[in-house]
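Rule-based calculations on the coordinates, nothing more; no lab input. This is a predicted model, so every value here is computed, not measured. Every residue, glycine as well, gets a Cβ built from its backbone with ideal geometry; the counts of neighbours run over all protein chains shown.
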Amino acid sequence: MKFARYGERGAEKPALVDANGNLRDLSAHVDDIAGDVLTRLDDLKSIDPESLPLVEGEQRLGACVGQTGKFICIGLNYADHAAESGLEVPPEPIIFAKYTSAI
């Protein structure tokens, strides 16, 4: 199941992308793909995408998740990643932050 957010900046609505690539409105089930909803995504598996309203017309797609306060990243956290970067595997993962606009 692929989730998405669409609509005007700051007023995005939750959606999912069905098997045919169509955007389906999910707002009758959740307010947003954000906050505690992210801990309950498995609950949405029982929804038949075909039962959701089809979103018509061209839509602006927003960030994949909303209401993000911090974006903490872990780098070089496995041997293949370090090898791809041409670096040694560090004794501890590298922790760094990114601006939320990176989402």
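A few remarks follow.
- Radius 14 Å from Cβ of S51, net charge of other residues (Lys, Arg +1; Asp, Glu -1): -2
- Candidate cross-link partners of K45 among the lysines, defined by an alpha-carbon separation under 22 Å and a same-chain spacing of 8 or more, comprise K2, K13.
- For the chain, averaging the sequence separation of C-alpha pairs within contact (under 8 Å, six or more residues apart) and dividing by the residue count gives a relative contact order of 25 percent.
- Amide hydrogen neighbours beyond the local backbone of V65, cut-off 5 Å, H modeled: none
- Helical runs (DSSP H, four residues minimum) scored at -39500 (n - 2.57) apiece and divided by the length of the chain put the mean residue ellipticity at 222 nm at -1500 deg cm²/dmol.
- Cross-link reach list, lysines versus K98, counting only Cα pairs under 21 Å and skipping chain neighbours closer than eight places: K70
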